[in-house]
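So the structure is just underneath, and the comments pick up after that.
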Amino acid sequence: TLLTGLRNQPSASLGHLLPEGTPTPLIPALILIETTSLLIRPLALGVRLTANLTAGHLLIQLISTATVVLFSTIPAVSLLTLLVLFLLTILEVAVAIIQAYVFVLLLSLYLQENI
């Protein structure tokens, strides 16, 4: 999106790097900070999505392993962990929906800013 914005509207895209009314001594530092921020955005979005989805899958894996192991020794506790696993699966689906919404929202904001 950044390259498309620079190609289609170079002055508007570069205008986001420097806020209006910036004191002259701060101009080089602000351009460097804003450029770094623009380049890190996609990486931060990807890391956040990966971390949230991986954490949920890891937790489901751990609880499902505990459910299987406990089934032969303590069936009552195994049924309780199975209930927790079911509730966690519902929560994971909700988190996936929210993550998809946030991803699309941020992507549309990035596109809107640069196109």
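The values are calculated or read from the model by the stated rules, or taken from the named source; none is laboratory data. Only a predicted model underlies this, so the values are computations on that prediction, with no experimental measurement involved. All Cβ positions, glycine included, derive from the backbone under ideal geometry; neighbour counts span all protein chains shown. These accessible areas exclude ligands, DNA and RNA; they are computed on the full protein's heavy atoms, side chains included. Shrake-Rupley method; radii C 1.70, N 1.55, O 1.52, S 1.80 Å.
Annotation note: Cβ proximity below 7 Å between a residue of region 16-42 that is farther than 18 Å from L107 by Cα and a residue that is open to solvent by 70 Å² or more (accessible area, probe 1.4 Å) and of a type in the set (S, T, N, Q) (sequence gap 6+ or interchain) occurs for no pair.
Surrounded by 11 or more Cβ atoms within 10 Å (Cβ to Cβ) and of a type in the set (S, T, Y): is that true of T36 in this structure? In short, no. Kindly indicate whether any position in region 10-24 is open to solvent by 50 Å² or more (accessible area, probe 1.4 Å), modelled with pLDDT of 85 or more and outside any loop (DSSP other than H, G, I, E, B). Within region 10-24, one or more residues are open to solvent by 50 Å² or more (accessible area, probe 1.4 Å), modelled with pLDDT of 85 or more and outside any loop (DSSP other than H, G, I, E, B).
Looking for whichever is more than 30 Å from V104 (Cβ to Cβ), free of Cβ contacts under 8 Å to residues at least 60 places away in the same chain and not hydroxyl-bearing (S, T, Y) here; the options are A51, A55, A76. Which one fits?
Details: A51 fails: more than 30 Å from V104 (Cβ to Cβ); A55 fails: more than 30 Å from V104 (Cβ to Cβ).
When all the criteria are applied, what remains is A76.
In region 84-100, the residues that are in a helix (DSSP H, G or I) reach residues that are polar (S, T, N, Q) and open to solvent by less than 40 Å² (accessible area, probe 1.4 Å) with C-beta atoms within less than 6 angstrom, at least six apart or across chains, in these pairs: L85/S64; L85/T67. Of all the residues in region 70-82, those that are assigned to a helix (DSSP H, G or I), open to solvent by less than 90 Å² (accessible area, probe 1.4 Å) and either of a type in the set (A, V, I, L, M) or in contact with a helix residue (DSSP H, G or I) (Cβ under 7 Å, 6 or more places away or on another chain) (or both) number 6. Looking across region 72-107, just one residue is among the hydroxyl-bearing types (S, T, Y) and under 14 Å from the mean Cα position of the chain (by Cα), and that is Y101. Considering the conditions (1) open to solvent by 100 Å² or more (accessible area, probe 1.4 Å); (2) free of Cβ contacts under 8 Å to residues at least 24 places away in the same chain; (3) in a helix (DSSP H, G or I), S108 is excluded by exactly one of them, (1).
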